[in-house]
Amino acid sequence: MKDKKITTNWHTTERVLVSISSSPKAGRVVRYGARIAQRYKCEFYVISIETTGILKKGFTEEEWKVIEEHENLAKTLGAEVVRLKGKDIVKEILKFSSEKRITQIVLGHSKRSRLTTFFRGSVINKIIENSKGAEIRIVPWENMYNFLYNRQRKVRKMFIIKEVYFLFFQYWRINEKVRIYKSCSNTDCKMQM
């Protein structure tokens, strides 16, 4: 394809790219990408990107240890592990995905705060906007699952409480009608009901 100068992705075979960070939960993203690669029997890449620049600090020793653990996990799951350096994470991911003709990009949910996202933008949103011909998959962290699960439980509780109040009110209305009916002995009272 390079000989013919073809730059677009033909989707003849799947290629999976997982971008990891120094988050301890990134192993979950690697496993998710590995399941996709096993399902399609395709090439599987795991990249870590160290940002360089004037204000960028890079990774600390502890963060490198976490990244190495994730890279070892990826190697055991059959991935080709690549370390990249660059000024912009989004540009490096997109550059690598276009070079390798990646069809699926797997990312972990961003750990940036809303304030940071407001000023610097979201990595995930930038990748979604600028990726061409690649499917983007976002893996939420466990606290996202817990949030959704707890929200569903609250909705169920509210529904049950609403049903109990409704049934109680219906029972009270019926009992009130029965009480009125029993207390009335004349035909005028029965006619009003």
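The values are calculated or read from the model by the stated rules, or taken from the named source; none is laboratory data. Values in this document were obtained by computation on a predicted structure and should not be read as measured data. Cβ coordinates were reconstructed from backbone atoms using ideal geometry, including for glycine residues, and neighbour counts include every protein chain displayed.
Please enumerate the residues belonging to region 1-18 that are out of contact with any Asp or Glu (no Cβ under 9 Å at 6 or more places or on another chain) and either among the polar types (S, T, N, Q) or at pLDDT below 85 (or both).
Matches in region 1-18: Met1, Lys2, Asp3, Lys4, Lys5, Ile6, Thr7, Thr8, Asn9, Trp10, His11, Thr12.
Restricting to region 67-88, what's the tally of residues that are surrounded by fewer than 19 Cβ atoms within 10 Å (Cβ to Cβ) and more than 18 Å from Ala37 (Cβ to Cβ)?
Matching residues across region 67-88 total 8.
How about region 30-44: which of its residues are within 18 Å of the chain's Cα centre (by Cα) and closer than 14 Å to Glu80 by Cα?
Initial filter on region 30-44 (within 18 Å of the chain's Cα centre (by Cα)): 30-36.
Passing the criteria: Val30, Arg31, Gly33, Ala34.
Listed residues Ile105, Ile54, Ile49; which is among the aliphatic types (A, V, I, L, M), over 23 Å from the mean Cα position of the chain (by Cα) and either surrounded by fewer than 17 Cβ atoms within 10 Å (Cβ to Cβ) or in a strand (DSSP E or B) (or both)? If you could, list the steps in order and put the result at the bottom.
On the way: Ile105 fails: over 23 Å from the mean Cα position of the chain (by Cα); Ile49 fails: over 23 Å from the mean Cα position of the chain (by Cα).
Result of the check over Ile105, Ile54, Ile49: Ile54.
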